[in-house]
Amino acid sequence: MNGGRTDNRGISLVELIIVMAIMAVIVGFTGYGLGLVSNKPVDECAKRIEMALNRSRTTVMGKKDAWLEFYLVDGRITMKEVIIEADDSRRASDPVTIGADNVGMRLTYSGGSVELDATTRYVGFRRDSGSLESKEGDHVYITIEIYKGGRTRTITINELTGKVTLE
C-alpha cells in the first residue's frame, strides 16, 4: 500500500492551459511594447517638425522674414531655422538633427512630391498673412510625410492660412 499517497507524474490539462494563458499575455504585452518603440522615432520627428513649423509661422508674423530648411545629413533629417531681423541681418540656427536613422521625409506640393535628400528644401510663411510661400525658388509644400517601415505621420499645412496640423 502507498499509505494515501498518489503518484503525481506529469501535469494536468488545467495546469497546461493556465501556463499557456500566462505566456500569451506576456507575449502580447511584449509585442505591444516593441510596437511602441518602433513607432517612437517617427512620432518624435513629426512632433519636432510640427513645433518648428508653428514657431516659424509665429516668428514670421513679428519679424521681417523667416523660414525652415530641411535636408539629409548622413541619412538623418536635419533642420535649420533662418530669421532675417529688422535690420536686415540674417541669423540662422545651428543645424539640428531631428530624425533617427532610416526615418524618411516626403514633401508634397501641388504638382507632385519629392523625397528629402541632400538638397535643401525650404518651408516659409508670408509675413502679412502667415500663409505658405516659396523660398529660394523652391516649391510651396502643403504636406510633409515622416515615415519609417510601415509607420507614417503626415503634417498638413493649409496653403492660405498657414495652419499646421499633425495627423
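Just so you know, all these numbers are worked out from the coordinates, no wet-lab data involved. Model, not experiment: these values are computed from the prediction. A quick note on method: Cβ atoms are made from the backbone with ideal geometry, for glycine too, and the neighbour counts reach across all protein chains shown.
Describe numerically, in nm with one decimal, the distance between label points set 7 Å from Cα along Cα→Cβ at Arg151 and at Ser89.
Taking the two extended label points, one gets 4.2 nm.
In straight Cα distance, which lysines are under 19 Å from Lys47, not counting same-chain residues fewer than 8 positions off?
Lys80, Lys148, Lys163
In debye, nearest 20: dipole of segment 65-167 around its Cα centre with unit charges on the Cβ of K, R (+) and D, E (-)? Could the numbers behind the result be given before it?
Values: 13 positive and 18 negative charges, 81 e Å.
So the dipole magnitude of segment 65-167 works out to roughly 380 debye.
Using a Förster distance of 41 Å, how high is the FRET efficiency between Ala100 and Asp128, based on the Cβ-Cβ distance and rounded to 0.05?
Details: r = 37 Å, r/R0 = 0.90.
After rounding to 0.05, the efficiency reads 0.65.
Which listed residue (Tyr71, Ser129, Val114) has the Cα farthest towards the positive end of the charge dipole for segment 13-166, taking +1 on Lys and Arg C-beta and -1 on Asp and Glu C-beta about the Cα centre?
Looking along the dipole axis, the top candidate is Ser129.
In what order do Phe29, Phe125 fall by count of nearby beta-carbon atoms within 10 Å, going from fewest to most? Working shown, then result.
Details: Phe29 10, Phe125 25.
Ranked by crowding around the Cβ, least crowded first: Phe29, Phe125.
Please label the shape of segment 13-166 as rounded, prolate or oblate, based on the square roots a ≥ b ≥ c of the eigenvalues of the alpha-carbon gyration tensor (a/c under 1.5 means rounded; beyond that, a/b larger than b/c means prolate, else oblate). Walk me through the numbers on the way to the answer.
Working: a/c = 2.89, a/b = 2.78, b/c = 1.04.
Cα axes put segment 13-166 in the prolate bin.
Points 7 angstrom from Cα along the Cβ direction at Asp117 and Thr58: gap in nanometres?
Reported label-point gap for Asp117 and Thr58 is 3.6 nm.
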